[in-house]
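Comments concern the structure below.
The values are calculated or read from the model by the stated rules, or taken from the named source; none is laboratory data. This one's a predicted model, so the numbers in the text were calculated from it and none came from an experiment. All Cβ positions, even for glycine, are placed from backbone atoms using ideal geometry, and neighbour counts span all protein chains on display.
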Amino acid sequence: MDLQLLTYIVVGLTFALYIGIAIWARAGTTSEFYVAGGGIGPVQNGMATAADWMSAASFISMAGMIAFMGYGGSVFLMGWTGGYVILAMLLAPYLRKYGKFTVPEFIGDRYYSRTARAVAVFCLIVCSLTYVIGQMKGVGVAFSRFLEVDYATGLYVGMLIVFFYAVVGGMKGITYTQIAQYCVLITAYTIPAIFISLQLTGNPVPQLGLGSTLSGSDTYLLDKLDQIVTDLGFREYTTDVRLSGLNMFAFTLSLMIGTAGLPHVIIRFFTVRRVRDARISAGWALLFIAILYTTAPAVAGMARLNFMQTLAPAAGEPLAIDERPQWFRNWEKTGLLAFEDKNADGRIQYSADESVNEMTRVDQDIMVLANPEIAQLPNWVIALVAAGGLAAALSTAAGLLLAIASAISHDLLKGIFMPRITERQELLASRVAMALAIVGAGYLGLNPPGFAAGTVALAFGLAASSLFPALMMGIFSFRVNREGAIAGMLCGIGATLFYVFQHKGFMFIPGTAFLGDLPPNWFLGIEPNAFGAVGAVLNFCVAFTVSRLTAVPPIAVRELVERIRLPDHAPAAHDLELVIHDEPTGR
Amino acid sequence: MAQRPESRATQYWKRNLALMLRLLLIWFVVSFGCGILLFDFLNQFRIGGYKLGFWFAQQGSIYVFVLLIFYYARKMAALDAEFHVDDD
């Protein structure tokens, strides 16, 4: 069957499934809208969390980035998984025990201050919005390649679908949709990886294949890869340090504490029944995530090898332009792959040396998307990858939009400005907020600040420097008070934003970067995306110092902290509602 | 809360912290330690085609993370039961 048609069918079927689930499990109360009524099982929640959190960046961009960064790309692998260890031990159980709807709500209560709550809402919106841009770009890329519509149209279609099911479903619809999306995306990710691993090494397990010898030879795959990239002047794959050890350390730490501090991940743990479920659910989430995250480095290494071997079929003999394969031509149409025969020899020289390199554009994002074509896998696998990429982007976008919408409707409107609104009005407000967030994200998706995962990495830095320290100190310290928390959050996110803007441009508008994006100007050689760790340290220091100099928190706060440290008598989310409703559908 | 002696709650919290610190030490060693700080040193060893430091950075640390969380959840469930603070 024609690939185009097949892709439309597969993508269409998955969309129909998501929308069907969203309608079947639509939210009728605010409890259902914000925390799915609080009755999700730990394994189900783990699966939904995995989809919520594995974004277009994980699915589309990550393996591509690792493919071109080699060892340096490990920061994403360790950073985006190690954060769950911190989340499971330092935050999730206690925030579940506290048992309300949003992250700013906890900060507002713990620091007995509406200002603290408002600052938390601001931090949440800044990092979630930054994050959503990456998803929008992912949707645009997937649509433009696989359904052959242009990037902007792809983006609009994506916005429309997210709009539909995030608005109707709320957390309850999103949870069940995410479970389906996890199944789609993990299948779409592992199947091509298994095929490629089999082709290259004869071992069907990609995690083992990457450490195996190439079929029909005694050479290890990674050794071959190291040799072929260094031949063309690139740095050795397995030892290519990203800038410096210190930078990698800071980057990994930023991503880890950012993962633990991202509101859309944290609120997923509000949906389980007991504190104990929150702990084990984090384990399930990471297990489901690890399936993709340990496959990704194999995909990266193998895709890079295939790509290099296409461009340099034999040593000293670059690919002839007339002989370039069909997938190469397909991706040229999207503009993500481009070459220019500078020396007019009819061949494409690919080299690390810019003066002779003729591959003028190699977008890292295409590595995963083009992988099945490069490996000449059947059409249905390619169609599946398209559906998987869209599932990853849509599930994360929905989770983020929910976090943004609930912060606006529950924390700002209900919590601060209009405490008297009814539940029905609050539900409506959250849906309106969601619509506005989608439009904002769509605009930024059309003017994207860098490739998808680069933007996402920044969101982690912002979460790491603002929300994570405030949450952690709120649980582990009795002494940190209102003044300390507010000053800490503002300094943390302020310093991180300032650092990023001065190097990347104000709001990423090109030309407004006043220090230029130049490594010599970087603080201790730490790149902007990795600065969240420094911002977090600053946040902790400021919060402790200011707290020491100001009044001790009230006794009620001490009791709150003592209470959340013990797992018994966790309030069920639906007990918080005075609304009486029938047994909800979908349980 | 009121009828439970304060010291029991404190004991529970201290046991939790001790367990947490031990596990976070492992968390630090496998990722920041083996994957970054000791990377060059470990690369002289190999697991199959993987250099060991590279393996920790791209595979091994992730497997350990998963085990750590399940271990913590199990230990804490036992601790909850011991202190009668499990939520059933």
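What residue, of B:Leu38, B:Leu52, is free of Cβ contacts under 8 Å to residues at least 24 places away in the same chain and surrounded by fewer than 17 Cβ atoms within 10 Å (Cβ to Cβ)?
Values: B:Leu52 fails: surrounded by fewer than 17 Cβ atoms within 10 Å (Cβ to Cβ).
From the options B:Leu38, B:Leu52, the qualifying one is B:Leu38.
For residues that are more than 10 Å from chain B (Cβ to nearest Cβ) and either modelled with pLDDT of 95 or more or touching a strand residue (DSSP E or B) at 6+ places or on another chain (Cβ under 9 Å) (or both), tally how many sit in region A:204-235.
So the first thing to find is which residues in region A:204-235 are more than 10 Å from chain B (Cβ to nearest Cβ), and the list is A:204-206, A:215-218, A:227-235.
Still in the running and either modelled with pLDDT of 95 or more or touching a strand residue (DSSP E or B) at 6+ places or on another chain (Cβ under 9 Å) (or both): A:204-206.
Residues flagged as more than 10 Å from chain B (Cβ to nearest Cβ) and either modelled with pLDDT of 95 or more or touching a strand residue (DSSP E or B) at 6+ places or on another chain (Cβ under 9 Å) (or both) within region A:204-235 amount to 3.
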- Message: Condition (residue is touching a strand residue (DSSP E or B) at 6+ places or on another chain (Cβ under 7 Å) and under 23 Å from A:Val75 (Cα atoms)) applied to region B:5-26: is it met by at least one residue?
- Response: no
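Counting just the residues of region A:72-86 that are of a type in the set (A, V, I, L, M, F, W, C) and within 9 Å of chain B (Cβ to nearest Cβ), which one comes out nearest to A:Gly46 (Cα to Cα)?
Here the answer is A:Val85.
Looking only at region A:305-325, which residues are among the small types (Gly, Ala, Ser) and assigned to a loop (DSSP other than H, G, I, E, B)? Step through it out loud before you land on a result.
Keep residues of region A:305-325 that are among the small types (Gly, Ala, Ser), which gives A:312, A:314-316, A:320.
Answer for region A:305-325, where residues must be among the small types (Gly, Ala, Ser) and assigned to a loop (DSSP other than H, G, I, E, B): A:Ala312, A:Ala315, A:Gly316.
Of the residues B:Tyr50, B:Tyr72, which single one is in contact with a Leu (Cβ under 6 Å, 6 or more places away or on another chain) and of a type in the set (Phe, Trp, Tyr)? Full working, then the answer.
Working: B:Tyr50 fails: in contact with a Leu (Cβ under 6 Å, 6 or more places away or on another chain).
On inspection, the qualifying residue turns out to be B:Tyr72.
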- Task: Quick one: A:Ala67 ticks every box in (1) under 15 Å from A:Ala392 (Cα atoms); (2) over 16 Å from the mean Cα position of the chain (by Cα) except a single one, so which number is it?
- Result: (1)
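Taking region A:107-153 only, how many residues are assigned to a helix (DSSP H, G or I) and either over 30 Å from A:Glu559 (Cβ atoms) or aliphatic (A, V, I, L, M) (or both)?
From region A:107-153, those assigned to a helix (DSSP H, G or I) are A:107-110, A:114-146, A:151-153; that's our starting set.
Keeping just the survivors that are either over 30 Å from A:Glu559 (Cβ atoms) or aliphatic (A, V, I, L, M) (or both) gives A:107, A:116, A:118-121, A:124-146, A:151-153.
Residues in region A:107-153 being assigned to a helix (DSSP H, G or I) and either over 30 Å from A:Glu559 (Cβ atoms) or aliphatic (A, V, I, L, M) (or both): 32 in total.
Just checking, how many residues over region A:237-258 are polar (S, T, N, Q) and surrounded by fewer than 24 Cβ atoms within 10 Å (Cβ to Cβ)?
Initially, region A:237-258 is screened for residues polar (S, T, N, Q), giving A:238-239, A:244, A:247, A:252, A:254.
Next, from what is left, pick out any that are surrounded by fewer than 24 Cβ atoms within 10 Å (Cβ to Cβ): A:238-239, A:244, A:247.
Matching residues across region A:237-258 total 4.
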- Kindly indicate the residue of region A:549-564 that is in a helix (DSSP H, G or I) and in contact with a Lys or Arg (Cβ under 8 Å, 6 or more places away or on another chain) and also farthest from the other protein chains (Cβ to nearest Cβ) among those meeting that condition. A:Val557
- Task: Could you check, for region A:176-197, whether at least one of its residues is at the interface with chain B (Cβ under 10 Å from one of its Cβ atoms), over 30 Å from A:Ala533 (Cα atoms) and of a type in the set (S, T, N, Q)?
- Result: no
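Being at pLDDT 95 or above and surrounded by 15 or more Cβ atoms within 10 Å (Cβ to Cβ) is the requirement here; does B:Leu23 meet it? Let's see the steps before the verdict.
Numbers: at pLDDT 95 or above: yes; surrounded by 15 or more Cβ atoms within 10 Å (Cβ to Cβ): yes.
It is true that B:Leu23 is at pLDDT 95 or above and surrounded by 15 or more Cβ atoms within 10 Å (Cβ to Cβ).
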- Note on the structure: Restricted to region B:5-40 and to residues being more than 10 Å from every other protein chain (Cβ to nearest Cβ) and among the small types (Gly, Ala, Ser), the residue nearest to B:Ile62 (Cα to Cα) is B:Gly33
- Item | Subset of region A:432-445 (residues that are over 16 Å from A:Gln135 (Cα atoms) and buried (at least 18 other Cβ atoms within 10 Å of the Cβ)) | A:Ala433
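Report whether or not A:Ala452 is touching a helix residue (DSSP H, G or I) at 6+ places or on another chain (Cβ under 7 Å), at pLDDT below 90 and crowded, with 21+ Cβ neighbours inside 10 Å.
Judged against the criteria, A:Ala452 is a match.
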- Message: Please list, ordered by residue number, the helices (runs of 4 or more DSSP H) wholly in region A:1-74 having 2 or more residues that are under 30 Å from A:Pro297 (Cβ atoms) and touching a Leu at 6+ places or on another chain (Cβ under 9 Å).
- Response: A:3-24, A:42-53, A:63-69
